[in-house]
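What follows is a single structure, written as structure tokens, with notes after it.
The values are calculated or read from the model by the stated rules, or taken from the named source; none is laboratory data. The shown structure was predicted, so the numbers you read here are calculated from the model rather than taken from an experiment. Methodologically, a virtual Cβ is constructed for each residue, glycine included, from the backbone with ideal geometry; neighbour enumeration extends over all protein chains shown. What goes into the accessible areas is simple: the full protein's heavy atoms, side chains included, and nothing from ligands, DNA or RNA. Shrake-Rupley method; radii C 1.70, N 1.55, O 1.52, S 1.80 Å.
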Amino acid sequence: MSVDIAERTRRNIVVFGGASGIGHAVVAALVADGARVTVFDRAEPSAPLGEVDYRRVDVRDSDDVRSGIDVMLTEQGRVDGMVYAVGVLDGYTTLEETTEELLDVVLDVNVKGAVRVAQALVPSMKAAGGGRMVFFSSIAGSVAGAGGLAYTTSKHAMNGIIKSLALELGPSGITVNAVAPGSVPGTNIKAGVAGQVNGPVQTERGMATVFGQTAEQLHPVGRLGTVDAIAPTVMHLLEPSSWFITGTTVTVDGGYTAR
């Protein structure tokens with residue numbers, strides 16, 4: 001018999017990549033909301049996580065992922081929602097600079113890691129009657145310039161993953177979505193966008209500058225994002241009430257991709 005997620009008084013949420021950055025902000029929001037949170041990360045927390053269960057896991061290792069999730073499920077019994085906030089950049093490398101090793105690392109973490117986590121978690125979500133899965137894409141998943149070749153490729157792939165999983169898992173009550181952040185201080189995406197400001201860019205009429213704009217002015221809202229500005233969208237997609245949202249990438253970028 002299916003279990004209505006809305007009937008549960010305290011949700012169990014797992015956050016991969018919750019030790020720092022936007023993932024850390026999502027963890028803080030979940031804890032404040034009363035959720036029971038398990039953080040899986042390869043790195044030690046950059047700041048106190050509060051009352052959460054932290055486990056060291058490397059998403060590049062399928063056995064490590066499955067073992068960590070199995071132990072967590074044995075202790076908690078179920079998972080209501082998952083956030084995959086793990087990701088690595090590529091240093092804004094060009095085609096000539098992209099080595100096979102770099103391509104392997106970026107795709108292994110950003111793409112294959114996401115699939116490994118989904119494979120390990122979905123059976124328990126199906127057994128529980130449904131759940132919420134939220135992955136992290138990027139503005140690099142829809143436009144170029146927010147990463148190099150490998151990173152941009154990986155985020156376009158992420159958008160395909162969530163569409164495919166949404167179709168497959170929808171009948172089981174599992175929604176699958178992605179959040180695509182724009183420029184956020186404290187992340188490498190911000191540095192790359194700032195680098196576009198006064199540098200020459202190729203246009204149909206030749207080389208041109210970006211009109212002397214600051215990084216903030218490249219965003220219609222007139223400012224860069226913050227980790228706390230991204231977390232609410234993730235929180236909404238994890239809610240039981242978001243059952244009609246699936247297979248979509250929600251862009252939270254201050255209007256950057258509207259240019």
Is it true that residue 88 is of a type outside the set (Lys, Arg), at pLDDT 95 or above, surrounded by 15 or more Cβ atoms within 10 Å (Cβ to Cβ) and under 16 Å from the mean Cα position of the chain (by Cα)? no
Of the residues in the range 58-85, those that are in a loop (DSSP other than H, G, I, E, B) and within 19 Å of the chain's Cα centre (by Cα) come to 58, 59, 60, 61, 79, 80, 85
Subset tally (residues that are within 18 Å of residue 233 (Cβ to Cβ) and either small (Gly, Ala, Ser) or modelled with pLDDT under 50 (or both)) for the range 164-189: 7
Taking the range 45-60 and the residues there that are touching a Ser or Thr at 6+ places or on another chain (Cβ under 9 Å) and not polar (S, T, N, Q), the one that is surrounded by the fewest Cβ atoms within 10 Å (Cβ to Cβ) would be 47
Six or more apart or on different chains, Cβ atoms under 6 Å: show the pairs whose first residue is in the range 122-143 and β-branched (Val, Ile, Thr) and whose second is crowded, with 24+ Cβ neighbours inside 10 Å and in a loop (DSSP other than H, G, I, E, B). 139/146; 139/182; 139/253
Would you mind stating whether residue 93 is in contact with a helix residue (DSSP H, G or I) (Cβ under 8 Å, 6 or more places away or on another chain), of a type outside the set (A, V, I, L, M, F, W, C), open to solvent by 20 Å² or more (accessible area, probe 1.4 Å) and not in a strand (DSSP E or B)? yes
Has the range 222-245 got any residue that is on the phi > 0 side of the Ramachandran plot, modelled with pLDDT of 95 or more, under 19 Å from the mean Cα position of the chain (by Cα) and open to solvent by less than 30 Å² (accessible area, probe 1.4 Å)? no
Enumerate the pairs (first residue in the range 29-42 and at negative phi and of a type in the set (S, T, N, Q); second residue anywhere and buried (at least 16 other Cβ atoms within 10 Å of the Cβ) and modelled with pLDDT of 95 or more) with beta-carbon separation below 7 Å, excluding pairs fewer than 6 apart on the same chain, so at least 6 apart or on different chains. 38/14
Can you say whether residue 104 is closer than 28 Å to residue 183 by Cα and open to solvent by less than 50 Å² (accessible area, probe 1.4 Å), as far as the supplied structure shows? no
